[in-house]
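For reference, the structure is listed below as structure tokens.
The values are calculated or read from the model by the stated rules, or taken from the named source; none is laboratory data. Given the structure is predicted, the values throughout are model-derived calculations rather than measurements. Cβ coordinates were reconstructed from backbone atoms using ideal geometry, including for glycine residues, and neighbour counts include every protein chain displayed. Note: accessible area is taken over every heavy atom of the protein model, side chains too, but ligands, DNA and RNA are not part of it. Shrake-Rupley method; radii C 1.70, N 1.55, O 1.52, S 1.80 Å.
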Amino acid sequence: MKEAFDHIANTINPLQSDRDAVTVRVLPTFALRWLYPRLRKFQAQHPLVHVNVQTRINDMNFSDGDADLGIRYGLGNWPMESTTELYAEWILPVCAPSYLPQGALTSAEDFAKVTLLHPLPNRQDWTIWSERSGIGRFDTRAGLDFDALDMALSAAESGFGIAMTDVVLAHDAIESGRLVVPIRIPVPTGISYFLVRPPELKRKRHVKLLDDWLCDEISDAHKVVRLYAK
């Protein structure tokens, strides 16, 4: 994870003026799995805009520090902030190609035999998927717990088990072959990612540039969701 933060820090010129700085606050997995791999495109288009990325393990709000923009995960019920829904979350299981069990995973009994990787200690995502996938409920209490989705995905890529993931945040790893989908049954969680702005935000040009770019770039997420949900 440290290498990713060092990588993004090196893309920023420390001699740039603070007036052209934009601070965006995001969850670590969204930063590592979606934002950082794409941020060089924005920097190439707008080399004079200094982008400062802040991450929080827990969901953030604008009361815990200064930020021009934020990407939040939730229901969007933040009355003091201006919000734009980026995409609705759909989840499905993923694992390393080497971890694929013999035979297909088609039933609750099959999932009882594998190691579940939980992206959150409350194990909510696996519970939601087991209830909505149609394969039948199974015991989601066993397995390994992680504090963030990126950790669970990294463990899955290393062959430790099967992780439950947001299809958008795992798509690059699936496309590259680092992860595979053992059973293609995505389900919606009812939660979305939102771009949020503090209510007192003045529409500075460099902030609007990043705001517009994020909304344009994330449009591909809708294609990814349709790809898995069809």
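Here are the numbers for this structure:
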{"item": "Solvent exposure of the chain as accessible area per residue, Å², 1.4 Å probe", "result": "49"}
{"item": "Net dipole in debye of the range 93-180 [+1 Lys, Arg Cβ; -1 Asp, Glu Cβ; about Cα centre; nearest 20]", "result": "260"}
{"item": "Mean Kyte hydropathy of 0.0 or more with a Cα span along the axis of at least 20 Å, helices from DSSP in the chain", "result": "none"}
{"item": "Relative contact order of the chain, defined on C-alpha pairs under 8 angstrom at six or more residues apart (%)", "result": "29"}
{"item": "Share antiparallel - DSSP beta bridges, the range 82-199, percent rounded to 5", "result": "75"}
{"item": "Sequence of 151, 164 from largest to smallest accessible area, 1.4 Å probe", "result": "151, 164"}
{"item": "Accessible carbon and sulfur surface of the chain relative to its total accessible area, %, 1.4 Å", "result": "51"}
{"item": "The range 183-223: chymotrypsin sites (Phe, Trp or Tyr not before Pro) in DSSP loop, at most 13 other beta carbons within 10 Å", "result": "none"}
{"item": "Within-10-Å neighbourhood charge of residue 23 [Cβ basis; K, R +1; D, E -1]", "result": "-1"}
{"item": "Antiparallel bridges, percent of DSSP beta bridges restricted to the chain (to nearest 5)", "result": "60"}
